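Quick notes on the structure that follows.
The values are calculated or read from the model by the stated rules, or taken from the named source; none is laboratory data. Keep in mind it's a predicted model, so treat the numbers as computed, not measured. With ideal geometry, Cβ positions are generated from the backbone for all residues, glycine too; neighbour counts draw on all protein chains shown. Heavy atoms of the whole protein, side chains included, go into the accessibility calculation; ligands, DNA and RNA do not. Shrake-Rupley method; radii C 1.70, N 1.55, O 1.52, S 1.80 Å.
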Amino acid sequence: MEQFFEFIVNHWILTSILLGLLILLALDSNQKSGPKVSTHEATRLINQQDALVLDIREKKEFKAGHIVDALNIPFASLANRKDELKDKDRAIVVVCKSGQTAAAASKLLKDAGYTSVYRMSGGMMEWTGNNLPVVTK
């Protein structure tokens, strides 16, 4: 550990450049995958803009509990089934289990030409943690 700090001190320019590049990479990745929305903002999008809720969890998890009127297309199938989301200008809220996979799914949709793609931070874990309604099938 002592050598690590010694390297940072001796090569502070290289360390600064690396840190800057990592920050830029994170910002670029975040921008390409669309904005994050909280459960409150997702509810507003659903109620006021008739946003489509796209649940990308596996069918078993989806049946255990999902947001009302959500469409289930598992992430593994999304590339082949994205055309089922006919209206490319409609707001889409992408939901996964914990909010991690939603970023990759949102990027895939944005690259396919969907204009209003949002990813719900915290996923269904946050949704259920906030005691928001779920439907089981």
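Return yes when residue 76 is aliphatic (A, V, I, L, M), in a helix (DSSP H, G or I) and touching a helix residue (DSSP H, G or I) at 6+ places or on another chain (Cβ under 7 Å) and no when it is not. Spell out the reasoning first.
On the way: aliphatic (A, V, I, L, M): yes; in a helix (DSSP H, G or I): yes; touching a helix residue (DSSP H, G or I) at 6+ places or on another chain (Cβ under 7 Å): no.
The answer is no for residue 76.
In this structure, residue 69 qualifies as among the acidic types (Asp, Glu), outside any helix (DSSP H, G or I) and surrounded by fewer than 20 Cβ atoms within 10 Å (Cβ to Cβ). Output the residues belonging to the range 41-60 that are of a type outside the set (Lys, Arg), open to solvent by 50 Å² or more (accessible area, probe 1.4 Å) and not in a loop (DSSP other than H, G, I, E, B). Those that are of a type outside the set (Lys, Arg), open to solvent by 50 Å² or more (accessible area, probe 1.4 Å) and not in a loop (DSSP other than H, G, I, E, B): 41, 47, 48, 49.
Picking from 86, 63, 110, which residue would you name as being outside any helix (DSSP H, G or I) and surrounded by fewer than 19 Cβ atoms within 10 Å (Cβ to Cβ)?
Details: 63 fails: outside any helix (DSSP H, G or I); 110 fails: outside any helix (DSSP H, G or I).
Just a single option satisfies the conditions, and that option is 86.
Search the range 98-107 for residues being part of a loop (DSSP other than H, G, I, E, B) and open to solvent by 20 Å² or more (accessible area, probe 1.4 Å), and hand back the single one that is modelled with the lowest pLDDT. It would help to see each step written out before you state the result.
So in the range 98-107, the residues part of a loop (DSSP other than H, G, I, E, B) come out as 98-100.
Those left that are additionally open to solvent by 20 Å² or more (accessible area, probe 1.4 Å): 98, 100.
Working: 98: 90, 100: 84.
Within the range 98-107, the match that is modelled with the lowest pLDDT is 100.
Selection within the range 113-137: residues that are within 18 Å of residue 34 (Cα to Cα) and among the small types (Gly, Ala, Ser). The member of this set that is surrounded by the fewest Cβ atoms within 10 Å (Cβ to Cβ) is 113.
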